[in-house]
Amino acid sequence: MKLEGIHHITAITGDAPRNLDFYSRVLGLRLVKKTVNQDDPTVYHLFYADEKGSPGADLTFFEYPGAAPGRPGAGMVHRVVWRVGSEEALAFWAERLGEEGVATETLDTGLRFRDPEGLEHELVASGRDDDPLIADHPEVPADMALQGFDAVRAYSADPSASRHLLEDGLGFAPAGDDAWEARGDQRGGVIAYDEPPAERGRPGGGTVHHVAWASTMDDHPAWRDRARQGGAQPTEVIDRFWFRSIYFREPSGVLFEIASMGPGFDADEDPEHLGEKLVLPPRFEPLRERIEATLTPLGDPRE
């Protein structure tokens, strides 16, 4: 069994309209599912991805309106690393983000910036041959678009403590200093660890809630046993309707999910119309009127 890189990354926002504008209009991602947090259906769960809503390009947000800004610390992901196709793409994004008033930092590794709530991103011209996962956008040429996830970076005071679970339990391979890669037949993704800041982390707006790793549908139930054998304490398999989920914390404290690559976001929507309306898993449909009354109104960003 092999994990197929990063499935999705979930973060927190306190302002869904601003979040939607930044990720769909500025970064050029497609809103592929507008739904609710299935553990707290009073708040949005927004999914941004490539044109098809593919695992590997899926950045999601829980909206807690007015949430105070968070601060990443030990045991938390602090940076999302995306792939782009070339150095020219890095220059394109430096210019585009600058025109939007977003401060950028050009480094040897790529281009770094933060979203309006402080969530840190980095774009890298990685040179990997994984299929590019891109969204259509009138202002972002296809060869300049974000191509999916390359890595996440997390804070840990002792990355070696995670080695056994990552390598022996989950099949990650070493990928440099304090970094490990999950690579399957289709895609790969890396988790790398950095020395944590002195201040304790605080969940809130602009922080990452968890990172999910992708499993085939057939292998998904067996990953629970693999995680447990590696020393983790996984949840039962949870049916999220569009995918299935297993959650556990790895030894550095980062919340991991293993998510299945299916059934997919087109299970209940036409692929041409993903994200245009509020979609609820069947068990929440009887609560639709009550749920809609609690949510911040959001339009279709492609209208």
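The values are calculated or read from the model by the stated rules, or taken from the named source; none is laboratory data. Treat the numbers as computed from the prediction; the structure is a model and nothing was measured. Here Cβ is always computed from backbone atoms with ideal geometry, including for glycine, and neighbour counts include all displayed protein chains.
Data for the structure
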item: Residue in the range 87-97 that is under 28 Å from Glu199 (Cα atoms) and of a type in the set (A, V, I, L, M) present; result: no
item: Residue satisfying all of: in the range 49-89; under 16 Å from Met261 (Cα atoms) and part of a strand (DSSP E or B); farthest from the chain's Cα centre (by Cα) among these; result: Ala49
item: Residues of the range 142-193 satisfying the condition of being assigned to a loop (DSSP other than H, G, I, E, B) and either of a type in the set (A, V, I, L, M, F, W, C) or within 25 Å of Asp50 (Cα to Cα) (or both); result: Ala145, Leu146, Gln147, Gly148, Ala157, Leu170, Phe172, Ala175, Gly184, Asp185, Gln186, Arg187
item: Selection count, the range 182-235, where residues are among the charged types (D, E, K, R), farther than 30 Å from Pro65 by Cβ and surrounded by fewer than 19 Cβ atoms within 10 Å (Cβ to Cβ); result: 8
item: Residues of the range 217-270 that turn out to be within 16 Å of the chain's Cα centre (by Cα) and among the acidic types (Asp, Glu), as a count; result: 1
item: Output for the range 122-149, where each listed residue is acidic (Asp, Glu) and within 23 Å of Asp21 (Cα to Cα); result: Glu122, Asp136, Glu139, Asp143
item: Search result, residues across the range 145-170 that are touching a residue at least 40 places away in the same chain (Cβ under 8 Å) and surrounded by fewer than 18 Cβ atoms within 10 Å (Cβ to Cβ); result: Ala157, Asp158, Ala161, His164, Asp168
item: Residue in the range 241-248 that is in a helix (DSSP H, G or I), modelled with pLDDT of 95 or more and not aromatic (Phe, Trp, Tyr) present; result: no
item: Unique residue being of a type in the set (Ser, Thr, Tyr), touching a Phe, Trp or Tyr at 6+ places or on another chain (Cβ under 6 Å) and at pLDDT 95 or above when the list is Thr235, Thr207; result: Thr235
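Here's the yes/no breakdown for (1) more than 29 Å from Phe92 (Cβ to Cβ); (2) among the hydrophobic types (A, V, I, L, M, F, W, C); (3) without any contact (Cβ under 8 Å) to a residue 24 or more places away in the chain:
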{"site": "Ile6", "(1), (2), (3)": "no, yes, no"}
{"site": "Thr10", "(1), (2), (3)": "no, no, no"}
{"site": "Asn19", "(1), (2), (3)": "no, no, no"}
{"site": "Leu27", "(1), (2), (3)": "no, yes, no"}
{"site": "Asp39", "(1), (2), (3)": "yes, no, yes"}
